[in-house]
Amino acid sequence: MSNALIFLAFALAIFPPRVHSSHSDWLRRFTPGSRDDSSWLWSWAWAADGTVSVVDRSPPITFPARPASFGAELNDPLLGYVIPLSSFTAPCPYGPDNSTSRRHRFEPDPVFGCPELCISGGNEPEPTDTWIALVQRGGCPFVEKARQAQKLGAKAVVVGGDRDNPDALLNMFSEKDASDVTIAATYIKYWDYVQLSAMIAVSNTTHSGLKTLSLLISTEYSAWEWYSPIITFIIILLLPSLLTFITLLIHRIRAARAAQRDRAPESIVHSLPWRVWTGTGWEKHKPSCASAEGASAAASQDLERGLDTPNASTSHDVALPAWVEQQMECAICLEMFGKGDRVRVLPCYHLFHIDEIDEWLINKKKLCPICKADVTQPQRSPAGHHATEHVPQTEPGASTSSRSPSTVAEPTERTPLLQRPERTSDELQSAS
C-alpha cells in the first residue's frame, strides 16, 4: 500500500492537474490505445452531469448532456443563441491557384463542424453576440469541432450523437494537447439532437437573419468527477493484490478445515485409558474427568505409598498378545519408560507418553504414529493387529500327510524370512 501511494504521489508530481480539461488527461497518457471519441471506461470514471435546455419554450425543454474533458469549465450556466454551423458555413475553397490550402486529413463538413469552414451567404452571427454552435458527431475528432466553432466566434459548441449509437451519452476528450480550446463543449444524444435541429428549423426566432433558439447550458460537477481518476487508478493498482489475498485466504481456510478433520477431538483423546509404569509392572488407570495435573499427583501419591506390586498388569476383557505388555519404549521420543511415567494406551494397544501422544493426536494427526490406526474408530481385536502363528492340534494317530493347506500357519510379521519348508511323509520315506 505504501508503494502505491509513493507511485501515485510521483505521478501527481509529474502530471499535476491544472484545469478542468486536465483532470483526467494526465492519467490518459498512460493509455496509448485511447480514442478521441471516448470509451466506456472514461465515460464511467470521468462522467459529469449537465443539461441543455430550450428556455424560449413553455415549459422549457431539457436534454441531458455531458460536458467535455477539454475546453472551458462552466461554473455558471451559459445562455446564448444556438445556431447550426451548416446554416451559414461551407467548406473553404482550396487548390493550386488559391491561397487557402487544406491542413487537415479529414474532409470539411458543415454538418459535422469539421474544418476548414468558411462563411457562406450574407448572414452570419455577430462577433460580439453570445451564440452556441450546433454540430453532429462524426467526420473528425471532438476537439477539432470545438476549434472550428471557436474560430467562427462561438462561445460554446453542442455536439449531437449519431444514428449508430443513438442512446450513448459520451464524455468527449482529446488524447492530444487541447489547451488552445477556450470555449465550452457538451454532448447530447442523437434523438435529442434531431429534435433540437427540427425545432430550430421551424422556429420563428431569428438572430442575424438565422433561425435560432435560446439555449441554456449548465453543468454540475461533483466531487467524484475530481477524485475518480485517483480512485480508479488505486483500484486498478490494488485489484490484483486484493484478488491474490482473497485466493490465499480461501486456501488457508480450506487447509485449516482439512487439518481440523485430520485431528482427534480432545474428548476422545482424554477418554482413552492410560497406565503408570511402577518399575516392575503396569498400573492401569481408567479415564476420568480429572485434569492431567490431578492424575499426575494421584500417580505420585500411589508410588509413595508403595503400590509397586510386582507384575501389576492391566486387565482386559480379551486376551492380549505378549507384545502388548512388552512395550518399554515410546516411539515418539524414543525414550524408555521410566518409573512413574504416565503412558497412554491407544485402541491399537500401542503405548506412548501421555503428554506427547495427546499433543500429536489433538494438534497433528488422529492416527497412531506406528500403525496409522484411527483412534476415533472402534477398537479392533488385538489378534487382528498382530496375528500369531496358530497350528491346530491333530488327533492322535493322524498322518502328517493329511494336513490340508488351510491348516498351515500363514506368514506374519514375526515369521522368519529364511526358514526350511516342512517335508511331507512321502519325502521322508523316499529319504529313508
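The values are calculated or read from the model by the stated rules, or taken from the named source; none is laboratory data. It should be emphasised that the depicted structure is a prediction, and the values quoted were computed from it without experimental measurement. Positions of Cβ are generated from backbone atoms using ideal geometry, with glycine treated the same way; all protein chains shown enter the neighbour counts.
Brief remarks follow.
- Residues (within 26 Å of residue 168 (Cβ to Cβ) and assigned to a loop (DSSP other than H, G, I, E, B)) located in region 58-93: 60, 68, 69, 70, 71, 72, 73, 74, 77
- Check on residue 218, in contact with a strand residue (DSSP E or B) (Cβ under 6 Å, 6 or more places away or on another chain) and not in a loop (DSSP other than H, G, I, E, B): yes
- Count of residues meeting criterion [part of a strand (DSSP E or B) and touching a residue at least 40 places away in the same chain (Cβ under 8 Å)] in region 343-358: 4
- Of all the numbered requirements in (1) touching a Phe, Trp or Tyr at 6+ places or on another chain (Cβ under 9 Å); (2) modelled with pLDDT of 80 or more, residue 37 misses one, and that requirement is (2).
- Criterion (crowded, with 21+ Cβ neighbours inside 10 Å and in contact with a strand residue (DSSP E or B) (Cβ under 9 Å, 6 or more places away or on another chain)) met by exactly one of 148, 195: 148
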